[in-house]
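The values are calculated or read from the model by the stated rules, or taken from the named source; none is laboratory data. Remember, it's a predicted structure, so these values are computed and weren't measured experimentally. When we count neighbours, we look across all protein chains shown, and the Cβ atoms used for this are built from the backbone with ideal geometry, even at glycine. The area values use the complete protein model at the heavy-atom level, side chains included, leaving out ligands, DNA and RNA. Shrake-Rupley method; radii C 1.70, N 1.55, O 1.52, S 1.80 Å.
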Amino acid sequence: MRTSRSSRTSRTSRAPRAPRSSVPSRLTALVTGAAALGALLTAAPAAHAADLPLRDLAAAKGKAMGTAVTGSKLTGTYGEIAGREFNWLTPGNAMKWGSVEPTRGNFNWTEADQIVDFAEAHGQEVRGHTLVWHSQNPSWLTNGTWTSAQLGQLLNDHIALEVGRYKGRLAAWDVVNEPFNEDGTYRQTLWYNGLGADYIAQALTAARAADPSAKLYINDYNVEGVNAKSTALYNLVRSLKERGVPIDGVGLQAHLILGQVPSTLQQNIQRFADLGVDVAITELDIRMQLPATAAKLAQQADEYKAVVAACVAVSRCTGVTVWGFTDSDSWIPDVFPGYGAATPYDENYAPKPAYGGIATALGGTTTPPPTGACTATYSVTNQWNTGFTGQVRIACSGASLSSWKVNWTYGAGQRISQAWNATCTQTDAAVSCANASWNGTVPDGGSVTFGFNASWSGSNPVPAVTLG
Ligand code: XIL
């Protein structure tokens, strides 16, 4: 496994990570180097809790921290953050019916498989999303004319095939998505109109049969607070349980608007928990009217904190998933014109105040990261038996640079042989790289990168980098 991690230097020096029980592959990566092992043993996580990745902070609270992902982006900085900060992944689109069976009988599992493989390589769990929905279905399905019997068969076959394909590998499935209208009546969909309300019980039963170990969820939006819609969901779950239909949890999507976090969120989570089901916040984002300002971003941080804290406060709330961790991978600007900046990282992968809000709710720092900062991120982009290619990205958000220098000290004898887009010198283990004449300027909201080739042997631990 490639060891490729990054270091944020705008915050205090990065703490070595505490060991985690649920992430054996990442721990293995850490302890392959003697230097890393020494650091691990001398870690003082309490003093540096702010620097632990969100997944570790969450795990210490018995929770999971997740993100929706796009499979094709899981390399470079996007892949590093997804792997480092989160321990649940949800495919944003890859497992929807329209994605996996675009024409009848022709299946495309490429992106879904890629996400599941990535998760397993990074000690993460996958939440499957979604099996039965009114949206993003293939046109052959929505345009077809089906009898009830045919529709029931299509539903059963789809669930048996997709759930069965990942049997034993997925932690949970959003079996039914968005079954309700705002007033708590059932949404008129292909499924409801063809099969009646019992399509829900049928789908859950089929999913349980196809993978008895996956937790089965019903997922919806605008059900975060106590209201007519969430009460309809509550009544449905209660009646399913009374009937013995398999139902393990409810997903509260939580596509929220700045200033509109429901005050009854925790109370609502608790009432579902009291029914005997798990609750997950499955698609959290908090959108704001653009442009984003420092004041709005600070308010957003408080609201992310409040949502995560509500989950932390209820033991049956299993975790929080953000619907994309970076503004560059968010659905909001496409669907809600004029709105955006809804996720915890900006478009250049710099953590926003919202990141600090989440960390704080999970027991991390009480000081949100600075709103204006430039950061340097080191990553290994390619590695072979004796050498590797590295990349450093310098990104600014709320700040800018007219020149820069990045320094680090290698811990395992690595030696740089060649650099591009920077002038690098190495004296013993100490490396110093200064901007080239053409890339000293990093504007607010912009980034530059430089690369290098280097040798390694034994281990190739990622150094902490500082930006001067
Ligand atoms: C969204 C995706 O993020 C977009 O890329 C896609 O174009 C539309 O669907 N509720 C859900 C998610 O359950 O599947 C939706 O995801 C967002 C709303």
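Which of the residues belonging to the stretch 132-155 are within 16 Å of the ligand (Cβ to nearest atom) and assigned to a loop (DSSP other than H, G, I, E, B)? Before you say what the answer is, go through the steps one by one.
So in the stretch 132-155, the residues within 16 Å of the ligand (Cβ to nearest atom) come out as 132-139, 142.
The answer is TRP133, HIS134, SER135, GLN136, ASN137, PRO138.
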Residue hits (the stretch 314-362; farther than 24 Å from ALA373 by Cα, open to solvent by 10 Å² or more (accessible area, probe 1.4 Å) and within 16 Å of the ligand (Cβ to nearest atom)) are TRP323, TRP331, PRO333, ASP334, VAL335, PHE336, PRO337
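Results for (1) within 22 Å of THR90 (Cβ to Cβ); (2) within 16 Å of the ligand (Cβ to nearest atom); (3) at pLDDT below 95, shown as yes or no for each residue.
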position	(1), (2), (3)
ALA201	no, no, no
LEU204	yes, no, no
ALA210	yes, no, no
LYS215	yes, no, no
VAL223	yes, yes, no
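Which one is surrounded by the fewest Cβ atoms within 10 Å (Cβ to Cβ), of the residues in the stretch 231-253 that are touching a strand residue (DSSP E or B) at 6+ places or on another chain (Cβ under 8 Å) and within 12 Å of PHE180 (Cα to Cα)? Quick ask: steps written out before the conclusion?
The initial filter retains those residues of the stretch 231-253 that are touching a strand residue (DSSP E or B) at 6+ places or on another chain (Cβ under 8 Å), namely 232-233, 236-237, 246-253.
If we keep only those that are within 12 Å of PHE180 (Cα to Cα) as well, we get 232-233, 236.
Working: ALA232: 20, LEU233: 22, LEU236: 23.
Per the stated criteria, the residue is ALA232.
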The one condition GLN270 fails out of (1) more than 16 Å from the ligand (Cβ to nearest atom); (2) farther than 27 Å from ASN156 by Cα; (3) open to solvent by less than 30 Å² (accessible area, probe 1.4 Å) is (3)
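Out of the stretch 407-423, which residues are part of a strand (DSSP E or B) and either buried (at least 18 other Cβ atoms within 10 Å of the Cβ) or of a type in the set (Val, Ile, Thr) (or both)? Lay out the reasoning, then the answer.
Our first condition is that a residue be part of a strand (DSSP E or B); within the stretch 407-423, this holds for 407-409, 415-420, 422-423.
If the condition is that a residue be part of a strand (DSSP E or B) and either buried (at least 18 other Cβ atoms within 10 Å of the Cβ) or of a type in the set (Val, Ile, Thr) (or both), then TRP408, THR409, ILE416, ALA419, ALA422, THR423 are the ones that fit.
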Scanning the stretch 92-105 for residues that are part of a loop (DSSP other than H, G, I, E, B) and within 16 Å of the ligand (Cβ to nearest atom), which turns out farthest from ALA395 (Cα to Cα)?
PRO102
Filtering the stretch 429-468 down to residues that are touching a Lys or Arg at 6+ places or on another chain (Cβ under 6 Å), farther than 14 Å from VAL380 by Cα and part of a strand (DSSP E or B) yields ALA434, SER447
Give me a count of the residues in the stretch 67-85 that are within 16 Å of the ligand (Cβ to nearest atom) and not aliphatic (A, V, I, L, M).
6
Looking at GLY251, GLY225, can you tell me which residue is touching a residue at least 12 places away in the same chain (Cβ under 8 Å) and in a strand (DSSP E or B)?
GLY251
Scan the stretch 156-168 for residues that are of a type in the set (A, V, I, L, M) and either surrounded by fewer than 18 Cβ atoms within 10 Å (Cβ to Cβ) or part of a loop (DSSP other than H, G, I, E, B) (or both) and jot them down.
ALA160, LEU161
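Residue-wise test of (1) assigned by TED's automatic domain parsing to the domain that holds TRP331; (2) charged (D, E, K, R); (3) more than 14 Å from the ligand (Cβ to nearest atom).
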{"position": "ARG55", "(1), (2), (3)": "yes, yes, yes"}
{"position": "ALA64", "(1), (2), (3)": "yes, no, yes"}
{"position": "THR90", "(1), (2), (3)": "yes, no, no"}
{"position": "THR130", "(1), (2), (3)": "yes, no, no"}
Is it the case that the stretch 281-301 has a residue that's buried (at least 23 other Cβ atoms within 10 Å of the Cβ), over 30 Å from ASP444 (Cα atoms) and within 16 Å of the ligand (Cβ to nearest atom)?
yes
With the requirement that a residue be surrounded by fewer than 18 Cβ atoms within 10 Å (Cβ to Cβ), within 19 Å of ALA350 (Cα to Cα), within 30 Å of the chain's Cα centre (by Cα) and touching a residue at least 60 places away in the same chain (Cβ under 8 Å), what does the stretch 382-406 give you?
GLY398
Counting just the residues of the stretch 106-128 that are part of a loop (DSSP other than H, G, I, E, B) and open to solvent by 50 Å² or more (accessible area, probe 1.4 Å), which one comes out farthest from the ligand (Cβ to nearest atom)?
PHE107
